[in-house]
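As structure tokens, the structure follows; a few thoughts come after it.
The values are calculated or read from the model by the stated rules, or taken from the named source; none is laboratory data. If you're wondering where the values come from, they're calculated on a predicted model, not measured in any experiment. Positions of Cβ are generated from backbone atoms using ideal geometry, with glycine treated the same way; all protein chains shown enter the neighbour counts.
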Amino acid sequence: MDIAWGAWLLASVVVFIGSFMQGVVGYGVALFSAPLLFLINPALVPAPLLIIGGLMPLMLLRANWRYVKKQDLFFAYPGSVLGVLLATVLVNLFAQTSWQLVFGVAILAAVVLSLMRFNIQPTKPVVFSGAFGSGLMGTLTAVGGPPLGLAYQNAEPGRIRGTLSAIFAPLSVLSLTALGFSGMFGWADIVLAAGLMPAVIAGFFAAKRLGHRIPTYLFPKIMLLAATLGGGYALVRGILNLI
């Protein structure tokens, strides 16, 4: 699918900012970028952003492999598969006209999950449930982080970086495979993702150079605000399309 130069430049700026955030605080490219990219051009999500979101965990995994809690993977992977399978069913059920509504609801749900704070630990059932939610939401919107982020919010930082990277890298492949079977992933998405990769790389390099100069507490607020505005707009547009 062809995208106008202006839209591509705007999308590159969005991905650059999201990558910068992820390079500094360890997450953010999907939650920040997905709703804004959807508003720029719906073709940019979920598949192209899933490709980008799958490459980033691979970069983190190499440096954090020693922190991976391998026992968690035995419960995370089955949960992810079930979530992706349910998302595949839902993708084929929804008409194109209602996709904005579905996307808006899912993004706002991700915001709510990101704001929740519970005294829970990443036990086996919690990891399974979080992975299920991430597989479902990640396939539908490319924003799969909040459910697992909620499950691991009280875990050690090393375990979070390592284990979540070990989950999200193959989860992205699963989600893209499911979208491929549903006719929502093809070479055009790979081309779109490749076109945004310079912005991703630039964002990471900028984070290494400048990230320490910016108060990190601002990033979650910016991410949630952007996601709320984008998700809310998509929800309203979806409702109007159905009227």
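What are the residues in the range 13-31 that are at pLDDT 90 or above and more than 11 Å from Leu49 (Cα to Cα), if any? Listed by number, the residues that qualify are Val13, Val14, Phe16, Ile17.
Regarding Leu225, is this residue loosely packed, with under 14 Cβ neighbours inside 10 Å, within 25 Å of Leu93 (Cβ to Cβ), out of contact with any Leu (no Cβ under 9 Å at 6 or more places or on another chain) and not polar (S, T, N, Q)? Criteria not met by Leu225.
The residue pairs whose first member lies in the range 58-69 and is under 11 Å from Ala169 (Cβ atoms), whose second member is assigned to a loop (DSSP other than H, G, I, E, B), and whose beta carbons are closer than 9 Å, counting only pairs six or more residues apart or on different chains, are Leu60/Gly26; Leu61/Val68.
Matching residues to (1) in contact with a helix residue (DSSP H, G or I) (Cβ under 9 Å, 6 or more places away or on another chain); (2) in contact (Cβ under 8 Å) with a residue 12 or more places away in the chain; (3) of a type in the set (A, V, I, L, M, F, W, C):
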{"position": "Trp187", "(1), (2), (3)": "no, no, yes"}
{"position": "Ile190", "(1), (2), (3)": "yes, yes, yes"}
{"position": "Ala194", "(1), (2), (3)": "yes, no, yes"}
{"position": "Val200", "(1), (2), (3)": "yes, yes, yes"}
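Cβ-Cβ distances below 8 Å connect the following pairs, each with a first residue in the range 137-151 that is under 15 Å from Gly231 (Cβ atoms), a second residue that is of a type in the set (Ser, Thr, Tyr) and assigned to a loop (DSSP other than H, G, I, E, B), and a separation of six or more residues or different chains: Gly145/Tyr27.
Listed residues Leu60, Leu86, Leu55; which is at pLDDT below 85 and either part of a helix (DSSP H, G or I) or of a type in the set (S, T, N, Q) (or both)?
After ruling out the rest, the residue left standing is Leu60.
State which residue is nearest to Gly145 (Cα to Cα) when the search covers only the range 194-221 and only residues that are at pLDDT 80 or above and among the β-branched types (Val, Ile, Thr). By that ranking, first place goes to Val200. I need the full set of residues from the range 165-199 which are crowded, with 18+ Cβ neighbours inside 10 Å and in contact with a Gly (Cβ under 8 Å, 6 or more places away or on another chain), in order please. Matches in the range 165-199: Phe168, Ala169, Leu171, Ser172, Leu174, Ser175, Leu176.
Being surrounded by fewer than 20 Cβ atoms within 10 Å (Cβ to Cβ) and either modelled with pLDDT under 90 or not aromatic (Phe, Trp, Tyr) (or both) is the requirement here; does Met116 meet it?
yes
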